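Following: one structure in structure tokens, then a few remarks.
The values are calculated or read from the model by the stated rules, or taken from the named source; none is laboratory data. Worth saying up front: this structure is predicted, and the values here are computed from it rather than measured. As a convention, Cβ positions derive from the backbone with ideal geometry for all residues, glycine included, and neighbour counts pool all protein chains shown. The accessibility values were calculated without ligands, DNA or RNA, using every heavy atom of the protein model including side chains. Shrake-Rupley method; radii C 1.70, N 1.55, O 1.52, S 1.80 Å.
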Amino acid sequence: MATESKATSSTRHKSTLVRLSERLNMRHVLIAFVAFMVVYIYAPILSLIAFSFNSAGLTFPFVGFTTEWYSILFENQTIIDATIRSLQLALVVTVITTILSTATAMAYRYDFWGQRGLLYLLILGIITPGITYGVGASLFLSELLGIGQNLWLATPVHVVWTMPFAVIVLLAGFPRTLAENERAARVMGADRWTRFREIILPQIAPTVLGAAVFAFTLSYNEATRGLLLVGQDNTLPIQIFAIAAGTRATPELFALGAVTTVFSTLLLAVGGFIIFFSSSS
């Protein structure tokens with residue numbers, strides 16, 4: 001009798017769950033979940049941009065529209081100098097990353113000994129915590145090798161961070177017909193340099209450009225890995241940390257965040273468009 005009661009109770013419980021699942025439209029549930037995640041992720045960014053135009057600064061609610069904080073931002077020479085240093089470092093890192101990642105991605109088109117180990121070694125640059133890697137790099141480069149702290153000391157550290165992403169982008173964006181076209185050129189007698197110049201490079205150029213954009217954006221926004229290496233030559237993210245840690249967030253930092261967000265978003269959009277266009281063509 002007790003067994004029958006348990007079975008009946010279990011059946012009723014299951015039928016209740018079935019009725020509930022039937023009433024809920026999973027498509028609507030997923031749409032609601034995605035909408036919630038979008039709001040959760042992008043609400044801070046949108047609020048930062050909105051309050052960069054708030055005449056009352058950090059005061060809530062929004063009082064009035066002004067561009068004063070942008071004027072103060074562009075008159076701040078310390079911020080401008082830090083921005084220039086970030087751009088210089090990001091450009092150098094982008095060039096190095098683009099060359100190394102392109103060579104690595106090209107090598108992965110063929111089988112070679114240690115191929116999987118090299119992939120794990122590249123991914124290690126992504127999964128290693130930034131501050132941990134920064135401390136280790138500072139110990140090795142500054143303490144053991146005795147290299148003085150300066151802006152360019154952060155270059156190899158940034159390359160280790162940006163290169164795995166660039167390799168992944170390149171491997172995902174290489175045209176599927178690349179190997180066939182190269183093979184056809186080889187059959188027709190083209191040497192290795194001619195095949196690369198006339199066949200490979202024109203087909204992978206959009207993807208390489210997209211990977212370069214991603215590398216530039218990652219290096220430009222990186223702070224923790226170079227924190228202990230740049231010395232007094234603060235990059236823009238490090239300078240922002242220094243200002244926020246010394247006092248509190250100021251309205252001009254909101255304006256700086258808005259400018260940086262728009263700039264980075266445009267770069268990523270350009271990179272994504274280039275990769276998508278090259279993959280679909």
Gained length - Arg192 relative to Ser142, 0.36 nm times residue gap less alpha-carbon distance: 13.8 nm
Cβ-defined net charge surrounding Glu75, 13 Å radius [Lys, Arg +1; Asp, Glu -1]: -3
By accessible area with a 1.4 Å probe, ligands and nucleic acids excluded, highest first: order of Arg116, Arg197, Arg225, Arg183: Arg116, Arg183, Arg197, Arg225
Accessible area (Å², 1.4 Å probe, nearest 10) - Met106: 30
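Set the Förster radius R0 to 35 Å, insert the Cβ-Cβ distance between Leu30 and Arg109 as r into 1/(1 + (r/R0)^6), and round the FRET efficiency to 0.05. Display every interim value, and only then the final one.
Values: r = 38 Å, r/R0 = 1.07.
Computed FRET efficiency for Leu30 and Arg109: 0.40.
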Sequence of Asp191, Asp81 from largest to smallest accessible area, 1.4 Å probe: Asp191, Asp81
Where a label projected 7 Å from the Cα of Val39 along Cα→Cβ would reach, residues of region 60-98 with amide N under 19 Å: 62
Gyration tensor (alpha-carbon) shape descriptor, region 73-193, a/c threshold 1.5: prolate
Probe 1.4 Å, all protein chains present, accessible-area order of Phe51, Phe33, largest first: Phe33, Phe51
Cα centroid of region 178-226 to Cα centroid of region 44-85, whole Å: 39
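If I compute solvent accessible area with a 1.4 Å probe over the protein chains, what percent of it on region 45-140 is carbon and sulfur? If you can, show how the numbers build up before the last one.
Numbers: 4180 of 5730 Å².
Looking at region 45-140 in its full context, I get 73 percent from C and S.
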Accessible-area value, Trp161, 1.4 Å probe, nucleic acids and ligands omitted, Å²: 40
Taking region 131-213 and dividing mean pair separation by its residue count, relative contact order in percent (alpha carbons under 8 Å, at least six apart): 31
